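The values are calculated or read from the model by the stated rules, or taken from the named source; none is laboratory data. Being a predicted model, the structure only gives us computed values, none of them experimental. Don't worry about glycine lacking a Cβ; one is built from the backbone with ideal geometry, like all the others, and counts go over all protein chains shown.
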Amino acid sequence: MLIVSIIVLYFFSNNFIYSNIEDLFTPNIVKAEDLKQNYEYGIVMGGFSSYDSKNNKIVFREASDRLLQTVDLYFNRKIKKIIISGGSAKIFVDQRKEADFIKEYLINIGIPETDIIAENKSKNTHENAMFSSKLLPDKSITVLLITSSTHIYRTKKCYEKEGLVTDIYPTDYRIKEKYTIGNIIIPDSTVFVKWTKLIHEIIGIISYKVLGYI
């Protein structure tokens, strides 16, 4: 048991092993200048922020690169309108919907309200796709999906299930690094957190396939 424990500990704390497995679930990076076209709609997945009602302020989380990249795409005219897809994952707690307070934030930084659409009913990726697709006047046009690189596969499949044509724009991706003997051998405790998120996504893909969402 001790030997097995050491092997498991080493496996899940090894950055080299994790990085190679993560690569199996993430697409190639897409640069703004390489996008196939300018898009009428860019859909950004929620889950990157929460609202601190006590202090009346937005708290941005690790995946907030989704929003930052969306804003950059908008001001560089790669997308004309922004659809924010995100309600609240809390079932029994009444709290502000993410799409609503992020819409207010975008207006405050200079984006016209007419260019922002808030989808605030969804609680998961399947509902993101289901409710967002209903807001589009024309499902035949190609939309740009903006979300984390490890989340992009499941997101794209969900939107395609709803009959949409999509291109992807992965965000908050892992920057490729050069590996040395040292960082291949030496364990790294921060890798445990990365594994937690990747395993969550792997389970999500499996469960969505079982449920017929993708």
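Side notes on the structure shown:
- Within region 136-164, tally of residues that are at pLDDT below 95, more than 21 Å from L211 (Cβ to Cβ) and not hydroxyl-bearing (S, T, Y): 5
- Considering the conditions (1) over 24 Å from K31 (Cβ atoms); (2) assigned by TED's automatic domain parsing to the domain that holds Y74, I186 is excluded by exactly one of them, (2).
- Verdict on R66 being within 30 Å of E119 (Cα to Cα) and surrounded by fewer than 18 Cβ atoms within 10 Å (Cβ to Cβ): no
- Flag for A99 being crowded, with 18+ Cβ neighbours inside 10 Å, at pLDDT 90 or above and either part of a loop (DSSP other than H, G, I, E, B) or out of contact with any Phe, Trp or Tyr (no Cβ under 7 Å at 6 or more places or on another chain) (or both): yes
- Filtered by the rule that a residue be closer than 13 Å to A99 by Cα and surrounded by 19 or more Cβ atoms within 10 Å (Cβ to Cβ), region 118-130 gives A118, E119, N120, S122, N128.
- F75 being within 26 Å of Y153 (Cβ to Cβ), among the aromatic types (F, W, Y) and either modelled with pLDDT of 95 or more or under 15 Å from the mean Cα position of the chain (by Cα) (or both): no
- Complete set of residues in region 1-17 that are assigned to a loop (DSSP other than H, G, I, E, B) and closer than 22 Å to Y173 by Cβ: S13, N14
- Filtered residues of region 164-180 (kept if touching a helix residue (DSSP H, G or I) at 6+ places or on another chain (Cβ under 7 Å), farther than 19 Å from H200 by Cβ and surrounded by fewer than 17 Cβ atoms within 10 Å (Cβ to Cβ)): Y179
- Residue satisfying condition, being assigned by TED's automatic domain parsing to the domain that holds T70, among the β-branched types (V, I, T) and assigned to a helix (DSSP H, G or I), within set T150, T155: T155
- Only residues that are surrounded by 18 or more Cβ atoms within 10 Å (Cβ to Cβ) and touching a residue at least 24 places away in the same chain (Cβ under 8 Å) were counted across region 137-156, and they come to 13.
- Enumeration of residues in region 166-187 that are modelled with pLDDT under 95 and over 23 Å from I21 (Cα atoms): none
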